[in-house]
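For reference, the structure is listed below as structure tokens.
Derivation of every value follows stated rules applied to the coordinates shown; laboratory data play no part. This is a predicted model, so every value here is computed, not measured. All Cβ positions, even for glycine, are placed from backbone atoms using ideal geometry, and neighbour counts span all protein chains on display.
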Amino acid sequence: MINRRKLIKNSVLGTLGASAAVGLTGCGKGSMGPDQSLGYDFTTGKPLPWMNWAKNQGCQPAHRIAPQSEDELLSIMTSGNGGTIRPVGAGHSFSGVVPTEGTLLSTDLLNGIISVDQEQNIVEVWSGTRLHQLGPALDAYGQALVNLPDINYQTIAGAISTSTHGSGVNMGSLSSMIDELTIATPSGELLTCNGKNNVELFHAARCGLGALGVITRVKMRTVPAYSLIQKTAVEPLDDILDQIEFEKASNRNFEFLAFPHTSMALVVRTNEVDSSAPIISSGEEDPTAIFQIRDAYQQLGVLPLVGEFAYQKIIDAAAGGAATVKSGPSYTVLTHDRVVPFREMEYTVPAELGPACLKEILATIVEKNIPVIFPIEYRYTKKDDIWLSMFSQQDGCSISIHQFADEDFVEYFAQIEPILRKYNGRPHWGKLHTLGPQELSDLYPHWQDFLAMRESIDPNQQLVNSHLAQIFGLGELTNA
Amino acid sequence: MFASFAFAAIASTNAQAVELTPREAYTFGQICAYCHARAETSAPVIGDTEEWQRRSADGFEVLVTNTILGVGNMPPLGTCGYCTEDEIRNLVIVMSGLDPAAANQGVKP
């Protein structure tokens, strides 16, 4: 992620000095958008509000519960409370999958490894285990996940319920790594499903948006622990896209981040390395470096010719810097700190359409002079057989659009979303989008199957909040 | 169940008067510490009393409110979906290393 690249930061700061010397004027942060505070407050002794990581979703739940066992969870599900129950993990979803005025049920305390089969490469783990806990815990058994997303704050349950993914043409999402899962339903059943038993539930629940029950435990396929080396560099975007098939084939994990208003991108290539090799860390990471880029952009402005030319020079300067290199156990290399608050929209288009879609997005940003600097993330993921996975039955290219949390994302995302839809993009369930049931039905061959499964498991809509009611076409809820 | 991951908290001398419950200790070691024990996240580090004193210049209650509502790069409740107000207070006391008596400063009316 660009915000961890000190070479960029250094280049930006250096170029800023030069920019000031030639007297460039800038556009202020105030012109970028309104304050997007949700308005929740805290008064001692009163129930606490809940907000997600990005602070664009929130609620004032009547109850906040964290069961520590499946029995306790089942008693909560059948307590007769009658109100809405929504599971929550680490709260990293930007979409409204979590908020409820009823019961907010945290899976965090259903936590830890249950068993490890080192011969079959299978781990059984409680659903509230966070990814950052799982990496070292598996490593102690000589095991690892074949891939991980860019950040690792999420719980297993939250990550698989939204088909969270990393990048790698030969690797599926976290959901696709599930061999079996157990789910507590609103009727108080504990259902276990896999490829042989409760098969349809298995196809639905591996990306179930928390609408089919509360996942309690999963069996995941693992691989023997391995080490990786990750190299990043700023390179011309056209060169990257010209050799995209070579890049996909020759790197275990490949992704890049394109800089709007420039012709450059930060390329991230990750490959296996002998575990006995010394750990390398060349180039200091800085999770807040992107603020420096924003400062540069705002000082330069988006003035035609002069502003864009100067900003291009900043990114070009970064290309002259040494690439960063990082190696070590896989779970330490694949994930990164991402502490700068932002909002995100992500669509997955058919893999072969990725380059054309990205080019059209970048051209639109220039043509419409959209004031954005946050890099656009570009990743690949292998297809799977999960009903609502973004990668269901087709290899996918995920294109992620970001905006700082304190800037207006609505107009920017609204200008880009039609392009992503034009290329048959499927929205990430945990990120922002505006699609409704008709559009989603057109994108997912098993959409109606999923809705039927949801109806059979939760006919009283106990697990449905306003967001889910909207995307499932269930009408307006009065007590979500 | 949640004790299955090892707890490794770093508490300063001033915070010894606060005894964390097992659930709080788990939260501290597995959720709070993931950022606050790693300087590279830019979060104030556990036990960095000078930095915590600076951040609590307007009263201990500010730390509690910021933890619950989020501030800057700090996410609301530190991503803890279950923490209660009392738990947050105890966690902040241990995190900051400030004297628990400071909790009386700046309490909202």
Among A:Asp139, A:Asp337, B:Asp58, what is the fewest-to-most ranking by other Cβ atoms within 10 Å? B:Asp58, A:Asp139, A:Asp337
Using a ≥ b ≥ c from the Cα gyration tensor of the stretch A:397-479 (square roots of the eigenvalues), is it rounded, prolate or oblate, where a/c under 1.5 gives rounded and otherwise the larger of a/b and b/c decides, a/b for prolate? oblate
Given a Förster distance of 25 Å, the FRET efficiency implied by the Cβ-Cβ spacing of A:Leu353 and A:Glu272, rounded to the nearest 0.05, works out to 0.30
A chain fully extended from A:Asp179 to A:Asn460 at 0.36 nm per residue, minus the present Cα-Cα distance, gains in nm 98.3 nm
Decide, for the stretch A:338-377, between rounded, prolate and oblate: order the square roots of the alpha carbon gyration tensor eigenvalues as a ≥ b ≥ c, take rounded if a/c falls under 1.5, and otherwise choose prolate if a/b is larger than b/c, else oblate. oblate
Between A:Arg221 and A:Ser250, what's the calculated FRET efficiency when r is the beta-carbon distance and R0 is 41 Å? Round to 0.05. 0.95
Determine which aspartates and glutamates satisfy two conditions relative to A:Lys382: a Cα distance under 15 Å, and not lying fewer than 8 residues away in the same chain. A:Glu245, A:Glu255, A:Glu352, A:Asp395
Need the full-extension length gain, A:His63 to A:Glu439, defined as separation in residues times 0.36 nm minus the C-alpha distance. One decimal, nm. 132.0 nm
Is the shape of the stretch A:98-239 rounded, prolate or oblate, going by the alpha carbon gyration tensor and its root eigenvalues a ≥ b ≥ c, with a/c under 1.5 for rounded and a/b larger than b/c for prolate? prolate
Which FRET efficiency, nearest 0.05, do A:Asp406 and B:Arg55 yield, Cβ-Cβ r, R0 22 Å? 0.65
Which entries of A:Lys248/A:Lys326; A:Lys248/A:Lys368; A:Lys248/A:Lys383; A:Lys196/A:Lys431; A:Lys46/A:Lys431 have Cα-Cα distances beyond 26 Å here? A:Lys248/A:Lys368; A:Lys196/A:Lys431; A:Lys46/A:Lys431
Residue-count net charge about A:Gly128 - beta-carbon cut-off 15 Å; Lys, Arg +1, Asp, Glu -1: +1
Net charge of neighbours whose Cβ lies under 12 Å from the Cβ of B:Asn90, counting Lys and Arg as +1 and Asp and Glu as -1: -3
Starting from the Cα of A:Asp71, step 7 Å along the direction of its Cβ; do the same at A:Val366; then give the gap between the two resulting points in nm. 6.5
Please report A:Tyr412, A:Tyr40 as a ranked list, fewest other C-beta atoms within 10 angstrom at the top and most at the bottom. A:Tyr40, A:Tyr412
